[in-house]
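Notes follow the structure.
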Amino acid sequence: MNILFICDFYPQYGAKVVKELVHKLLQKRKGIIEDIYILSNSAGIYNNKFHTKREKNVVRVSSFSILPKVNYTISPFSIYKIKKLIQKLKPSLVHIHFLIYWNSLVGAFMSKVAHISSIITLHGFTHPSETNSAYYSFLLALYYKIFGNKILKNADAVTAVSLNTLDKVTSYFPEIPLHKFNYIPNGVDTEKFQSLKDDSEKIELRRKLGLPVDHFLVIYVGRLEVEKGVLDLLKVANLMDKEHSDIKFLFIGNGSLKRYIKDYQKNHKNVIYFDYRDPYPYLAASDVFVLPSFREGFSTSFLEAVSSGLPFISTYVGGVDDFLRRGGEGIIVSRGDINSIMKSILLLRDNYKEWKKVAIGNRRIVEKYFSLDVVAEMYKELYTRICE
């Protein structure tokens, strides 16, 4: 079967996991999947343009942001483009990622018109009450009422990447039959994200990356936004700057809070910052991963960190709960609790050998339940069932 993926912002941030899933599905396609094509938009996060070089099996539609600094774009010609793609590829299945994006809406409509089976994957679900703006809350509720409901009803199956997302969406749309919903978590490439053998390898890697070799390194990887708790972690760095000079904080990512981190760096030396890049070597070179988010679907950065053998400190957000239910262990703090994050970092630093043993067990859980191999098999089974 040919499959058409529809995924805005591919392969940035949340859509990064989609790229990795496509790669793994193509590796395992024997006897089931012939090929996978991806339709995405031309404008990236906050209207940054994607590279213009030709991408195999990726079709981009012209798009633009409706408002500056808003993570939403409109693609006026996507109806025409999706129609042409469906006529050309004759896909057996359309796999739509994300509920609220423009091409998700158009893709759901066009697959229905063309009588092609469709699956929609929810990489998270924002309840209107969770927004910080009454205006945005109103628009989100209106979208769900007019479009979200129809998209989910028309889909042959709906998958959610975390149990938290699944609970929220089934509660918000009680009219959607429960048999449509499936839990398929995000996955991580456990062959790539591995822990280093010993401290000598870590020291060598830090030197190669230009990182301090004699400091306790706390890392955050992801979007630099308020909802990710980045400002809270920056406050922790500020509080620990003078009394704990042996601890440094490494931020990797892009977003609207990038300038705050750069401003902080002008007067402090305990924060290191890099634009987003391949996180693996930096995770492997670090000591602790912190996820201070207020809201998540299932953080791929979290899975990558745990797969890389790092102990973690996290708020109780979507996906982390799934990991804990499988027997995972880490330090859980309340959202916005700066003092608890600070105390937890010191606890891990002072008892690091014990927590590294815990991290080894966590890695095994990732391999068993959250590896890309496991997740790809779950999707292949779902594709086969839908297209029978």
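The values are calculated or read from the model by the stated rules, or taken from the named source; none is laboratory data. Because the structure is predicted, anything quoted here is derived from the model rather than measured. With ideal geometry, Cβ positions are generated from the backbone for all residues, glycine too; neighbour counts draw on all protein chains shown.
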Query raised in the report: In region 85-133, what residues are modelled with pLDDT of 90 or more, of a type in the set (Gly, Ala, Ser), under 26 Å from the mean Cα position of the chain (by Cα) and surrounded by fewer than 16 Cβ atoms within 10 Å (Cβ to Cβ)?
Result: 129
Report task. Within region 209-223, track down each residue that is within 14 Å of the chain's Cα centre (by Cα) and modelled with pLDDT of 95 or more. Result -> 220, 221
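Which residue out of 188, 221 is touching a strand residue (DSSP E or B) at 6+ places or on another chain (Cβ under 9 Å), surrounded by 21 or more Cβ atoms within 10 Å (Cβ to Cβ) and closer than 30 Å to residue 383 by Cα?
Details: 221 fails: closer than 30 Å to residue 383 by Cα.
Going through 188, 221 in turn, the sole match is 188.
Considering region 235-245 alone, what residues qualify as being surrounded by fewer than 21 Cβ atoms within 10 Å (Cβ to Cβ) and either in contact with a helix residue (DSSP H, G or I) (Cβ under 8 Å, 6 or more places away or on another chain) or within 20 Å of residue 281 (Cβ to Cβ) (or both)? Don't jump to the end; show me each part of the working.
Filtering region 235-245 for residues surrounded by fewer than 21 Cβ atoms within 10 Å (Cβ to Cβ) gives 235, 238-245.
Correct list: 235, 238, 239, 240, 244.
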Query raised in the report: Does any residue of region 155-163 turn out to be in contact with a Pro (Cβ under 6 Å, 6 or more places away or on another chain) and at pLDDT 95 or above?
Result: yes
Report task. Please enumerate the residues belonging to region 363-388 that are surrounded by 15 or more Cβ atoms within 10 Å (Cβ to Cβ) and of a type in the set (Ser, Thr, Tyr). Result -> 369, 371, 379, 383
Query raised in the report: Does any residue of region 232-252 turn out to be under 17 Å from the mean Cα position of the chain (by Cα) and either at positive phi or not basic (Lys, Arg) (or both)?
Result: yes
Requested in this report: Could you look through region 52-79, keep only residues that are modelled with pLDDT under 80 and loosely packed, with under 12 Cβ neighbours inside 10 Å, and pick out the one that is nearest to the chain's Cα centre (by Cα)?
Outcome: 70
Requested in this report: Would you kindly identify the helices (runs of 4 or more DSSP H) lying entirely within region 100-163 that contain at least 2 residues that are farther than 29 Å from residue 326 by Cβ, in contact with a strand residue (DSSP E or B) (Cβ under 9 Å, 6 or more places away or on another chain) and aliphatic (A, V, I, L, M)?
Outcome: 102-113
Report task. With the condition kept exactly as written, say whether any residue in region 196-205 is on the phi < 0 side of the Ramachandran plot and within 23 Å of the chain's Cα centre (by Cα). Result -> no
Report summary line: Per the filter on region 10-31, residues in contact (Cβ under 8 Å) with a residue 40 or more places away in the chain and not in a helix (DSSP H, G or I) are 10, 28
**Report entry** Odd one out for residue 276 among (1) crowded, with 19+ Cβ neighbours inside 10 Å; (2) among the hydroxyl-bearing types (Ser, Thr, Tyr); (3) modelled with pLDDT under 95
**Finding:** (1)
Report task. Within region 344-362, identify whether any single residue is under 15 Å from residue 232 (Cβ atoms), surrounded by 15 or more Cβ atoms within 10 Å (Cβ to Cβ) and in contact with a helix residue (DSSP H, G or I) (Cβ under 8 Å, 6 or more places away or on another chain), and answer yes or no. Result -> yes
Query raised in the report: With 36, 82 as the choices, which residue is under 19 Å from residue 189 (Cβ atoms), at pLDDT 90 or above and not basic (Lys, Arg)?
Result: 36
Report summary line: Residues of region 191-202 being among the small types (Gly, Ala, Ser) and surrounded by 13 or more Cβ atoms within 10 Å (Cβ to Cβ), in sequence order, are 195
**Report entry** residue 231, sole failed condition from (1) surrounded by 19 or more Cβ atoms within 10 Å (Cβ to Cβ); (2) modelled with pLDDT of 95 or more
**Finding:** (1)
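Confirm whether residue 360 is closer than 25 Å to residue 243 by Cβ and either within 25 Å of the chain's Cα centre (by Cα) or modelled with pLDDT of 95 or more (or both). Give the derivation first.
Details: closer than 25 Å to residue 243 by Cβ: no; either within 25 Å of the chain's Cα centre (by Cα) or modelled with pLDDT of 95 or more (or both): yes.
Here the answer is no, as residue 360 does not meet what is asked.
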